[in-house]
Ligand SMILES: Cc1ncc(C[n+]2csc(CCOP(=O)(O)OP(=O)(O)O)c2C)c(N)n1
Ligand SMILES: [Mg+2]
């Protein structure tokens, strides 16, 4: 039904018509007409964040946990520039979000008006696409197209910049209709390549599934198909940080995460395999280590919806462009129709090799003494929360890698972490977004004290909207990951990698009206975690942990998968000059 | 290895053709990119090249289909086969890009460029400039007693050659449009 209305009303109407229930935002002069419309309706909840970066991360968390695009509304100028980190984060991790920014009125654009910024210019490289809408009549079309672009193909952030006069002016509203956009990425994989892959599956002696965030982005159905394929073939599976949960951690064929801080068995198997089936991962440098030594003996199949991912870093022998879900369906169909063949005896031998690597038990640690080891804290958190309807976010640093190693993910969309950009300050606002999407669930943000402080103001948001997010801070009073690199690379000169003057986190929580819990004794840990879980409201859990613990296993920069370090004893002089320029 | 099967001219990633090897040898390719004629679209394309460190040797852009709202960007770029493939794939994923064609591999094509040369001089040099211009089929589009402006159209290397000849004869200023290119035949 087309109707006359103002641009501001169109924004709200389009959001409703797109099925949006939650908007994360922060008002300002250039979006006041839209805020006025939000005030006069009840279909959409608006979550007032405390910083626009928080709004974008919250929208990302919401999107990752629900599979629906997240939506933000911020003002022009500083509101828009504050959103840039979140946009870049969402671009790197392929998260669908729609960010609406206010802009100065069209007749003032270019005049350096108050709170004017070239928002589409600034955000062009950090969005999948963006629009400046100068006519109210164009607004509905662009709003609907924005949701299409954000979610179609490889998902990503989009931004619509809306000048204030466009918000005030009347125009004709058009409801969404089936997309006529020329932007229609290919979802079906090429059957010839799929058949070639099936033939490789049938004969592989040392196969491995290497999966990534693309499986999660393809939707829960894709994870289901992946499980079917993995369990039917009996091949081992590993995943990137982004893909955790696409195959259950308790699954028989799970080898754990791979990559720089991945598990020994996963990296060794990647190095020695003869068939690598990359499903929705992108050969990121955290995964490959040294490129020329990356899995030298394998034939590589690469399934990705983005053609530019293929052959970007690693040459694919069997490239398949398409949506993971569609391609997996076809692989299963073809493989079954050809008689469900695998080279069982060879694969059994491969598994016995993998069992040897597993026996190294690369994640073992000993909780001795009176100081809590971060690994122990996470092992206890896992034990005490794994049977809950649980969602985990993280910040960035050692704690993030430990969380990936020591927590188990049974399902997709349960793990929200900043993978590509590595954004400290991501986790807390993301947990707020997740809790909005799943009000009854147990939402925990595993944090480092330094990262957490980057967006700590969002405690106000959590309190105002009664979002019982649990902030589980592994407090080592260090920028732990930086400290670890300085130890390994810079002669133990710890330049600015510790935080002095840390707040008293319990008092900080209380200042916002939240609950604070301090725990420093391993003997108190379980009770303290239970107290956190059982508290009905946001909790700031200050877990004082060992200050100088390093995160292992580790593939040092510039090294190959089979040159992992497993512990402290192996770290002397491991990174050469060439490796040290890498990040 | 099997190449990706994507229809030529298909919406978001046309002309995508995977090469079997990662060679180190740099090649010069002419790409024709059909884009939505909207503000900022050129910035998207140029930003892609600068952001990812690709080369632009020449770039031209103009609207070619008014009703369809399409502009054609012709880019001449240099890179290894892997980089060229990346450039095409990266261009293909820009939402405003409708089609990407690699004229260098898609069959024979013609390339033309227009240039203007201002040459100042007197006596023999002036006569020689005029004579060479005639040989190169350059037109005189402005003249004073001390200078000519020549207009010349042709493949880029013809224009390079003309520039080399004009330099000792008093070349003062050059303007080149950059390459426009079309596939031959139908
Ligand atoms: C915004 C931002 N700034 C800087 C960095 C670089 N960096 C990566 S990890 C890290 C230290 C994080 O410290 P903390 O949050 O306490 O986690 P820990 O490593 O101690 O577990 C830093 C500074 C980053 N990733 N993000
Ligand atoms: Mg820390």
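The values are calculated or read from the model by the stated rules, or taken from the named source; none is laboratory data. None of these values were measured; they are calculated from a predicted model. Positions of Cβ are generated from backbone atoms using ideal geometry, with glycine treated the same way; all protein chains shown enter the neighbour counts.
Couple of notes before you dig in:
- Residues being over 30 Å from residue A:203 (Cα atoms), out of contact with any helix residue (DSSP H, G or I) (no Cβ under 7 Å at 6 or more places or on another chain) and crowded, with 20+ Cβ neighbours inside 10 Å - total across segment A:342-400: 2
Each row is one residue, and each column tells you yes or no for (1) touching a strand residue (DSSP E or B) at 6+ places or on another chain (Cβ under 8 Å); (2) away from every other protein chain (no Cβ under 14 Å).
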position	(1), (2)
A:125	no, no
A:149	yes, no
A:152	no, no
A:165	no, yes
A:180	no, no
A:184	no, no
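- Residue within segment A:464-473 that is within 22 Å of residue A:432 (Cα to Cα), touching a helix residue (DSSP H, G or I) at 6+ places or on another chain (Cβ under 6 Å) and within 16 Å of ligand 1 (Cβ to nearest atom) present: yes
- Flag for residue A:459 being in contact with a helix residue (DSSP H, G or I) (Cβ under 8 Å, 6 or more places away or on another chain), away from ligand 2 (no atom under 14 Å from the Cβ) and part of a strand (DSSP E or B): no
- Selection of helices (runs of 4 or more DSSP H) fully inside segment A:185-295 by the criterion of at least 1 residues being free of Cβ contacts under 8 Å to residues at least 12 places away in the same chain returns A:191-203, A:220-233.
- Taking segment A:99-121 as the range and being under 29 Å from residue A:21 (Cβ atoms) and within 14 Å of chain B (Cβ to nearest Cβ) as the test, the residues that pass are A:103, A:119, A:120.
- Residue in segment A:83-97 that is in contact with a strand residue (DSSP E or B) (Cβ under 9 Å, 6 or more places away or on another chain), surrounded by fewer than 21 Cβ atoms within 10 Å (Cβ to Cβ) and either more than 14 Å from chain B (Cβ to nearest Cβ) or more than 28 Å from residue A:186 (Cβ to Cβ) (or both) present: no
- Filter result (out of contact with any helix residue (DSSP H, G or I) (no Cβ under 8 Å at 6 or more places or on another chain), modelled with pLDDT of 50 or more and within 11 Å of chain A (Cβ to nearest Cβ)) within segment B:1-40: B:34, B:36, B:38, B:39
- Test result for residue A:495, away from ligand 2 (no atom under 13 Å from the Cβ), part of a loop (DSSP other than H, G, I, E, B) and buried (at least 17 other Cβ atoms within 10 Å of the Cβ): no
- Exclusive hit being within 16 Å of ligand 2 (Cβ to nearest atom) and touching a residue at least 12 places away in the same chain (Cβ under 8 Å), set A:443, A:482: A:482
- Segment A:299-321, residues that are in a loop (DSSP other than H, G, I, E, B) and surrounded by fewer than 23 Cβ atoms within 10 Å (Cβ to Cβ): A:306, A:311, A:312, A:313, A:314, A:315, A:317
- Residues that are within 12 Å of another protein chain (Cβ to nearest Cβ) number at least 2 in the following strands (runs of 3 or more DSSP E) confined to segment B:41-103: B:97-102.
- Of the residues examined, residue A:488 is not one that is within 21 Å of residue A:375 (Cα to Cα), at pLDDT 95 or above and either within 16 Å of ligand 2 (Cβ to nearest atom) or not in a loop (DSSP other than H, G, I, E, B) (or both).
- Applying the set (1) over 15 Å from residue A:54 (Cβ atoms); (2) away from ligand 2 (no atom under 16 Å from the Cβ); (3) crowded, with 24+ Cβ neighbours inside 10 Å to residue A:450 leaves exactly one unmet item: (2).
- Any hit, segment A:57-68, residues being touching a residue at least 40 places away in the same chain (Cβ under 8 Å) and within 16 Å of ligand 1 (Cβ to nearest atom): yes
- Residue A:411 vs. criteria over 18 Å from the mean Cα position of the chain (by Cα), surrounded by fewer than 22 Cβ atoms within 10 Å (Cβ to Cβ) and more than 8 Å from ligand 1 (Cβ to nearest atom): no
- The conditions of being on the phi < 0 side of the Ramachandran plot, surrounded by fewer than 24 Cβ atoms within 10 Å (Cβ to Cβ) and part of a helix (DSSP H, G or I) are met by residue A:144.
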